[in-house]
Every structure is written in structure tokens, then in C-alpha cells.
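**Q** Have a look at this one before I ask anything.
Each value in this text was obtained by applying a stated rule to the coordinates, not by laboratory testing. The model shown is predicted, which means the values in this text are computed figures rather than measured ones. Neighbour counts run over all protein chains shown; Cβ positions are idealised from the backbone, glycine included.
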Amino acid sequence: MTCNREYESQIQQAFEDLNTLKVDVAYPFLLEVYRDYSQGLLNCSEFLQIIRLIESYVLRRAICGIPTNAQNKTFATLSREINKKNYLTSVQSALVNKSSYQRFPRDDEFLRELLVKDIYSFRNCYYLLQKLENSDRTKELVKAKEYTIKHIIPQNPQLSPVWMTELGPLAEEIRNKYLHTLGNLTLTGYNSEYSDRSFAEKRDLKNGFANSPLNLNRGLAKCQVWNESAIKKRAEELGAIAVKVWSYPLEPR
């Protein structure tokens, strides 16, 4: 089966994203899916959706800290659980019905862990921020590694008086709790210019957040103060995007 150029491009991008996650154990299964796709057992859209489904399964599990060794068994036996006359729905059912260490984390678990996890130290931090940045782009995709990951509250443990005032009496506690979390991270090409400046300065500089072309910085342009409430609000907004980017399959009826 031959796909049109749009689908070919999307399938290529999906494999690139999956390759970034380094899920080698999934490739024998995907190779079988590809053979079936080549033989016309599923169409271009279904093939693409299965690749994205595997990506979501793997990413959600990584965010939730589920041991990866269970994935070996999952993908080794997955093809035997599929009814190829109803290919996509069958794959969705097989993954949704996994439990315990093989489970596909639902939205509530995924969001709970995503909002508190140390994303900065996450092996696929660039990938995660890139996917969020490009969530509403179909062309001219941003390559995150051309930018620097920026902490909005500075990494410098010696907070300036301005930051101490902005964060309030629990400044140190707030910094330690949220420093490396999703709500406090963004991308920039001007990391050295931002340095440890106050939030208002980072926002209003010539190349600050307010003038950034990046989607990740769009909300920061409208933010007046950067404190615990603002961090949590931004994390929730990004989380709402994340559950769509790495979506949970609708359970077949």
C-alpha cells in the first residue's frame, strides 16, 4: 500500500519520535505491523495511529516511573493478542487491558506524575519539550536541541532579593519543589542573556519571553508574576496539551 506524501511525512516523523525514545524492544512488533500494512491489512492512517500509540504507551510509562523490563514481555507477545481483521482497535484493546507493571497509564496517573516529575533530569527532556512546542504545528517544526532548556526560577541556589520577594516567604521551599518540574522549564536561544535575572526582566528583554516565537513561551508573555501559583497553572496548561500529544486510546465498546 502506498500513502500520499502527507502520510509518508507523518509516518517518517512518528518513527523519528519513537527512535528518540530508544524503544528497541518494540521494533520486532512494528516490523510485523509494517509487513501487514504493506500487504494491505491496515491503511496509512491506522499504521500511523499504531506507531503513535506505541509512542504514547512508552512515554507515559517512563513518566510514571514504571520499570521498562515489563515492556519486553509486552511487545514480545503483543502480536499474538491481535485480531488482524480489526487491526487498530485490537492493538488498542490489547494495550488498554494490560495491568500492573505492563499497564498503559491513564490520564489521571500520567498527569499526576508529569506535573511533579524532575523533567530536567529526564533522559528525554528535549524530546518532551519539543513535542509540546510542536503540538499545533504541522510544518516548520521546531528542533528543541537548537535551543537551551531554561529554568524560569534560576538554578542558582542563591536567589536574588527580587526572586525572594516574588516567591514569597517560602521562596526556598518553592524553588526546591518546582525548580526542575515542567511548569518551570522552557526553551530559549538566549540563555546567557537571561541568566539569573528576575522574571519581569526575562519577559521584557528585547529577546525575552514576550517576544519569543516559541509556543512554550506564549503564556509567559502574559504572566505578571512568577510564583508557585503561576508555576502550577502553567504546568496544568502544558499537562492538558500532553494528554492529547501522548493520548490514551479510547476503550473499544
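**Q** Using +1 at the Cβ of each Lys and Arg and -1 at the Cβ of each Asp and Glu in the stretch 1-88, identify which of 18, 69, 86 lies farthest towards the dipole's positive end.
**A** 69
**Q** About the Cα centre, and with charges only on the beta carbon of Lys, Arg (+1) and Asp, Glu (-1), how big is the dipole of the chain? Nearest 20 debye, please.
**A** 300
**Q** What number, in nm² with one decimal, is the all-direction average of the projected area of the convex hull of the alpha-carbon atoms of the stretch 120-252?
**A** Mean shadow area of the hull around the Cα atoms is 9.2 nm².
**Q** Before anything else, pin down the relative contact order of the stretch 116-245: Cα pairs under 8 Å, at least 6 apart, normalised by residue count, whole percent.
**A** Relative CO of the stretch 116-245 lands at 30 percent.
**Q** Turning to a different aspect of this structure: HN-Hα J couplings of the stretch 128-133 from phi, Karplus 6.51/-1.76/1.60, θ = phi - 60°, integer Hz, Gly and Pro as x?
**A** Each residue of the stretch 128-133 in turn: 5, 5, 5, 5, 5, 4 Hz.
**Q** Starting at the first residue of the stretch 79-96, write each ³J(HN,Hα) from the Karplus equation 6.51 cos²θ - 1.76 cosθ + 1.60 with θ = phi - 60°, in whole Hz, x for Gly and Pro.
**A** Each residue's phi maps through the Karplus curve to give 5, 6, 9, 9, 9, 6, 7, 9, 4, 4, 4, 5, 5, 4, 4, 4, 6, 4 Hz.
**Q** Something else: Under 22 Å between alpha carbons, and skipping anything fewer than 8 positions from residue 85 in its own chain: which lysines qualify?
**A** Correct list for residue 85: 98.
**Q** Between residue 187 and residues 5 or more places away or on another chain, which pairs have amide H atoms under 5 Å apart, with H built 1.01 Å from N, and which residues are they?
**A** For residue 187, whose amide H was placed from the backbone, the distant partners under 5 Å are 150.
**Q** Turning to a different aspect of this structure: Please list 3J(HN,Hα) in residue order for the stretch 229-242, calculated via the Karplus relation 6.51 cos²θ - 1.76 cosθ + 1.60 where θ = phi - 60°; whole Hz, with x for glycine and proline.
**A** 4, 5, 5, 5, 5, 5, 4, 5, 5, 5, x, 5, 6, 4
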